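See structure below.
The values are calculated or read from the model by the stated rules, or taken from the named source; none is laboratory data. All values reported here derive from a predicted model rather than from experimental measurement. Reconstructed Cβ throughout: ideal geometry from the backbone, glycine too, with neighbour counts over all protein chains shown.
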Amino acid sequence: MRQIAVAAVLALGALISAQAACLGHAEPEQRFGFEVVPQFPASKIYATWAPVLERVGQAARVCFELKIAPSIPDFEIQLLQGRPEWAYANPYHAVLAHQRQRYVPVLANGQEMLSGILTVPRQSPIQRLDQLRGQKVAFPAPNAFAASLLIRAELARQQVEITPVFVKTHSNVYRSVIAGDAAAGGGVNQTLQSEPAAVQAELRVLFESPGYTPHPVLAHPSVPAALRQRVEAAFLALGQDAAGQALLEGVNLEQPKRVTYAQHYKPLESLKLEKFLRLGP
């Protein structure tokens, strides 16, 4: 047991050290923090995002310190206080970050739209949303856009009162449903499809919301426009070779496209999701 504990501590230390490393150009013109919304465990986020930022940083002549908050609410506090120069956040985070700190959406996945899904155990007798009335439903966090806000808004629209349970990550949601700790759980197709086949086989999609422009890469307004454009170009260039395309697929940016707040995220303001938000200080 002691050896296992020591190994866990060493692994955690390695992860923390890795997160503090400069990813990108060896002699960067500028060093930036890059925060990623923690939909997955930190080890998985680092494994997928670090090689992407390494190549982007090399091409743009900058380096990034990849930072991973312990939870989505912690990430939100950092973002809405304007701390990270760069961030990868959900679409409604983009709305809030623009309203509070004037963050600029730069890129998003152009391959598919983002929709919320509500999963149940494959053998569950539940076939309609109203059958969830009075049940526990798992969500990754209160303000997860598609996996929580859109689903809770639809349940409220149909007057289906549930007991929400927030379990920090999408992976935890799916496992809570499989374990029977919740009757259903909110997620998104991309995170469900990234789960092992054994997990996917245990779940069934009960409901899917309309689709919206997915998670953007955001830049703080203090990042110079010329430098922002270099980083944007470096992301776009990754899709031009097989190795880079594979890296982009790992972070759900398969076909990165340029996005703007006015065209792609301002329309979300009309959804009136404010009453479902739970924001920290």
*Would it be correct to say that residue 55 is touching a helix residue (DSSP H, G or I) at 6+ places or on another chain (Cβ under 7 Å) and either farther than 16 Å from residue 261 by Cβ or at pLDDT 95 or above (or both)?*
yes
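Hey, among 233, 219, which residue is farther than 16 Å from residue 115 by Cα and touching a strand residue (DSSP E or B) at 6+ places or on another chain (Cβ under 6 Å)?
219
A quick yes/no check of all residues on (1) basic (Lys, Arg); (2) over 14 Å from the mean Cα position of the chain (by Cα); (3) under 24 Å from residue 258 (Cα atoms); (4) not in a strand (DSSP E or B):
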{"position": "78", "(1), (2), (3), (4)": "no, yes, no, yes"}
{"position": "83", "(1), (2), (3), (4)": "yes, yes, yes, yes"}
{"position": "106", "(1), (2), (3), (4)": "no, yes, yes, no"}
{"position": "112", "(1), (2), (3), (4)": "no, yes, yes, yes"}
{"position": "137", "(1), (2), (3), (4)": "no, yes, no, no"}
{"position": "148", "(1), (2), (3), (4)": "no, no, no, yes"}
{"position": "151", "(1), (2), (3), (4)": "no, yes, no, yes"}
{"position": "156", "(1), (2), (3), (4)": "no, yes, no, yes"}
*Do the conditions hold for residue 267, that is, is it of a type outside the set (Asp, Glu) and over 19 Å from the mean Cα position of the chain (by Cα)?*
yes
*Just one of 205, 199, 217, 177 is among the β-branched types (Val, Ile, Thr), more than 30 Å from residue 24 (Cβ to Cβ) and not in a helix (DSSP H, G or I); which is it?*
205
*Filter region 17-56 down to the residues that are of a type in the set (Asp, Glu) and in a loop (DSSP other than H, G, I, E, B), then identify the one that is surrounded by the fewest Cβ atoms within 10 Å (Cβ to Cβ).*
27
*How many residues are free of Cβ contacts under 8 Å to residues at least 40 places away in the same chain and not in a loop (DSSP other than H, G, I, E, B) if we restrict to region 118-135?*
2
_Exactly one condition in (1) in the same structural domain as residue 105 (by TED's automatic domain parsing); (2) in contact (Cβ under 8 Å) with a residue 40 or more places away in the chain; (3) surrounded by 12 or more Cβ atoms within 10 Å (Cβ to Cβ); (4) not β-branched (Val, Ile, Thr) is false for residue 239; which is it?_
(2)
*Does residue 59 satisfy being among the small types (Gly, Ala, Ser) and part of a loop (DSSP other than H, G, I, E, B)?*
no
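Within region 165-172, is there a residue that is in contact with a Lys or Arg (Cβ under 7 Å, 6 or more places away or on another chain) and either under 30 Å from residue 33 (Cα atoms) or outside any loop (DSSP other than H, G, I, E, B) (or both)?
Scanning region 165-172 turns up at least one residue that is in contact with a Lys or Arg (Cβ under 7 Å, 6 or more places away or on another chain) and either under 30 Å from residue 33 (Cα atoms) or outside any loop (DSSP other than H, G, I, E, B) (or both).
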*Would a scan of region 156-172 turn up a residue that is closer than 19 Å to residue 91 by Cβ, touching a residue at least 40 places away in the same chain (Cβ under 8 Å) and surrounded by 15 or more Cβ atoms within 10 Å (Cβ to Cβ)?*
yes
